[in-house]
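What follows is a single structure, written as structure tokens, with notes after it.
Just so it is clear, none of the values below were taken in a lab; they were calculated from the coordinates. Here the structure is a predicted model, which is why all the values come from computation and not from measurement. Backbone-built Cβ (ideal geometry, glycine too); neighbour counts: all protein chains shown.
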Amino acid sequence: MIPHGIVTPMSMDGSTINNASLIPPDAMLIDGSSSAQQFVDFGEGFVRNILIPRAGLQPSDVFLDLGCGNGSVARALTTCLALPGRYEGVDIHGESIRWLQEHYSGRAGFRFHHADVYNKMYNPAGSLTANEYRLPHADGTFSMALLKSVFTHMLPEDVRSYLRELNRVLRPGGRAVTTYFLLNEESRSFVDRGKDEIKMRFDWEGDSRCRVANPQIPEEATAHDEARIRSYAAEAGFSVFEITFGNWCGRPSLLGLQDLVILIKL
């Protein structure tokens, strides 16, 4: 998956974290990291720089990591969440989920589920479409959800369906932390001039308000119209708490690569 950013690994109280047994082998570093240290940095950085100060993460949060990948955020949250807080990770990559289930088996409050959802890039043999998939959780289960580098690999109607399902499992006032490549006047101008940092260009239109980097595998990377994402969020029952733009298109940003959108369930 496409990384969000890199910072020094720290726990909620600022201490260095080890938890080496929760670092997957190099062959399973599918989150954009190229080393064990970078894997640690991705997860710790996102928790320390985004989830705690921007989304207000609390130790008692019941946390959904939809698109948990190989567990970089899960590992960081082992030092942040405390019962009755707990963590549920969901991903379409079966090998990663099996590894996580094995290595977190002795950790109270951490569970992982495989979502056998079709994605041409990450799960081409999936048995369900995104529109058909329902999370294995009751209504109003979670106080916070994260979809990090998920909507950057999904087409518009699938994003719309996931937002509806996300709203179902969140409590009123629950927070959803999501990342995108958002198309607006500024980002389109940077992309069209070839300034984008990741050199994907997003030259092909999935439809008039979505661009993809690879028409043969559209889910490799997708960019979505900001106005349409705002309308999808409102339709699903969310208010937009924050939008902060990343540097993916070439604009200056201290946030990191992807655009950050924090939603609150009404």
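Rounded if a/c is under 1.5, else prolate if a/b beats b/c, else oblate: with a ≥ b ≥ c from the C-alpha gyration tensor eigenvalues square-rooted, which is region 28-96? Oblate, since a/c reaches 1.5 and b/c is not below a/b. Here the residues Asp196, Asp26, Asp61, Asp259, ranked from fewest to most Cβ neighbours within 10 Å of their Cβ, fall in the order Asp26, Asp196, Asp61, Asp259. Using the Karplus relation 6.51 cos²θ - 1.76 cosθ + 1.60 with θ = phi - 60°, the per-residue 3J(HN,Hα) values for region 39-54 come to 4, 4, 4, 4, x, 5, x, 5, 5, 6, 9, 10, 5, 6, x, 9 Hz, with x marking Gly and Pro. Run lengths n ≥ 4 of DSSP H only: what is the helix-derived mean residue ellipticity at 222 nm for the chain, with -39500 (n - 2.57) per run over all residues, to the nearest 500? Value at 222 nm, helices only, nearest 500: -6500 deg cm²/dmol.
Qualifying trypsin sites (Lys or Arg not before Pro) in region 176-266, where qualification requires a DSSP coil assignment and no more than 11 other C-beta atoms within 10 Å, comprise Arg193, Lys199. Taking the fewest neighbouring Cβ atoms within 10 Å as the starting point, the ordered list for Trp248, Trp99, Trp204 is Trp204, Trp99, Trp248. Shown here for region 116-163: trypsin sites (Lys or Arg not before Pro) in loop regions (DSSP other than H, G, I, E, B) with at most 13 other Cβ atoms within 10 Å, namely Arg134. Counting neighbouring beta carbons within 10 Å and listing from fewest to most, the residues Tyr104, Tyr118 come out as Tyr118, Tyr104. Going by the alpha-carbon gyration tensor, a ≥ b ≥ c the square roots of its eigenvalues, is region 93-183 rounded (a/c under 1.5) or, if a/c is not under 1.5, prolate (a/b greater than b/c) versus oblate? Cα axes put region 93-183 in the oblate bin. For the chain, the antiparallel share of DSSP beta bridges with both residues in that region comes to about 50%.
Remark: C-alpha extents of region 188-258 on the principal axes read 34, 31, 19 Å, sorted largest to smallest. Positive contributions from Lys and Arg (+1) and negative ones from Asp and Glu (-1), summed over other residues with Cβ under 10 Å from the Cβ of Leu22, come out at +2.
Based on the alpha-carbon gyration tensor of the chain and its eigenvalue square roots a ≥ b ≥ c, which shape applies: rounded if a/c is under 1.5, prolate if not and a/b is larger than b/c, or oblate? Rounded, because the longest to shortest axis ratio a/c is under 1.5.
Exposed loop sites, defined as GluC sites (Glu not before Pro) outside DSSP H, G, I, E and B with at most 16 other Cβ atoms within 10 Å, are absent from the longest region of the chain, namely 1-131. The antiparallel fraction among DSSP beta bridges confined to region 50-154 stands at about 5%.
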